[in-house]
Amino acid sequence: MDASLDEPKELKVPGLALRTLGVAFLPLIAALMVVDLYLIFMWAPTDAILGHVQRIFYFHVPIAWVAFLAFFIVFVSSILYLWKRSARWDALAHSAAEIGAVFATLILITGIIWARPVWGVWWTWEPRLTTSLILWLIYVAYLMLRGYAPNRSQGATYAAVLVVIGFIDVPIVYFAVEWWRAVHPESVVGPLAETGSLDSSMRGVLMFSLLTFTLLFVFLLKERFSLRTMEDTLRTAGHSVRSSSRN
């Protein structure tokens, strides 16, 4: 008998190198977050009308941007999965959806914290808030389809179709303040924002916060995607071992 048959084969995990790179990226994210917090609470001027409660704006807007970005990645990855049937595109979509669901939840939480002292209520069925809630429900429905489908392949397909259809809610959320006039403030960044709608120092802090949260999302996505890749590799190896043992 060949002695090499008794030696355990090395299992190559493709996501390990990507995760190692992500961990090296963590100190930069932490430093940027500390600087961002200093700028928000110590350097940015206090709003003359809203006072200190306005500072949640520097969290709320970047969090919303990350939730939209995550949904876009899920949308594109789902289309590519339906076309190519590649497990890597499905893994990327699933990873982005999990992170996006967290940030969509934070959109609602930070919005509620801001609304109570400004509007006097925790929640109102205002167009921007309502469409944001729908976005969160789409994220939740995506994850539930993945978790409760009869098998992994069907879950991936059903969830991908849901996201391709549900992505229409993202532009609706953004344009809601223009299409339906309500109590939500108008956009101060992006193509719909008016020139000079935000103080230059406030805009600088907001841009830095947007950068910081975007890099945080990139880090989280790299980590979750590498973990999912390792999970899939180990699951495939486990199936192979069980099949070999039965034979």
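The values are calculated or read from the model by the stated rules, or taken from the named source; none is laboratory data. Computed from a prediction, not measured in an experiment: that's the story for all the values here. Quick reminder, even Gly has a Cβ in these numbers, built from the backbone with ideal geometry, and neighbours come from all protein chains shown.
Assorted remarks:
- Count - residues of the stretch 99-129 that are in a helix (DSSP H, G or I), free of Cβ contacts under 8 Å to residues at least 12 places away in the same chain and among the β-branched types (V, I, T): 3
- When H184 is tested against the conditions (1) touching a Pro at 6+ places or on another chain (Cβ under 8 Å); (2) assigned to a helix (DSSP H, G or I); (3) not small (G, A, S), the lone failure is (2).
- From the options L192, L234, L211, L216, residue that is at pLDDT 95 or above, surrounded by fewer than 16 Cβ atoms within 10 Å (Cβ to Cβ) and either of a type outside the set (G, A, S) or at positive phi (or both): L211
- Scope the stretch 119-129; condition buried (at least 16 other Cβ atoms within 10 Å of the Cβ) and either in contact with a Cys (Cβ under 6 Å, 6 or more places away or on another chain) or among the hydrophobic types (A, V, I, L, M, F, W, C) (or both); matching residues: L129
- Pairs with Cβ under 7 Å, 6+ apart, first in the stretch 26-43 and assigned to a helix (DSSP H, G or I), second surrounded by 11 or more Cβ atoms within 10 Å (Cβ to Cβ) and among the charged types (D, E, K, R): I40/R55; F41/R55
- Restricting the stretch 68-99 to residues that are surrounded by 22 or more Cβ atoms within 10 Å (Cβ to Cβ) and of a type in the set (V, I, T), the residue that is nearest to S226 (Cα to Cα): I99
- For the stretch 147-166, the condition holds for no residue, the condition being that it is under 26 Å from L206 (Cα atoms) and either surrounded by fewer than 18 Cβ atoms within 10 Å (Cβ to Cβ) or among the hydrophobic types (A, V, I, L, M, F, W, C) (or both).
- When L137, L143, L133 are checked against the criterion of being among the hydrophobic types (A, V, I, L, M, F, W, C) and touching a His at 6+ places or on another chain (Cβ under 9 Å), L143 stands alone in meeting it.
- If only residues of the stretch 65-98 that are among the hydrophobic types (A, V, I, L, M, F, W, C) and free of Cβ contacts under 8 Å to residues at least 60 places away in the same chain are counted, the one that is nearest to A44 (Cα to Cα) is V76.
- Exactly one residue out of L143, L133 is within 16 Å of the chain's Cα centre (by Cα), hydrophobic (A, V, I, L, M, F, W, C) and farther than 26 Å from W89 by Cα: that is L133.
- The set of residues in the stretch 130-162 being β-branched (V, I, T) and either in contact with a helix residue (DSSP H, G or I) (Cβ under 6 Å, 6 or more places away or on another chain) or not in a helix (DSSP H, G or I) (or both) consists of T131, I134, I138.
- Meets criteria (more than 20 Å from I63 (Cα to Cα), modelled with pLDDT of 90 or more and among the charged types (D, E, K, R)) for R152: no
- Residues (touching a helix residue (DSSP H, G or I) at 6+ places or on another chain (Cβ under 7 Å) and closer than 13 Å to I107 by Cβ) located in the stretch 163-175: D169, V170, V173
- Any hit, the stretch 45-67, residues being in contact with a helix residue (DSSP H, G or I) (Cβ under 7 Å, 6 or more places away or on another chain) and exposed (fewer than 14 other Cβ atoms within 10 Å of the Cβ): yes
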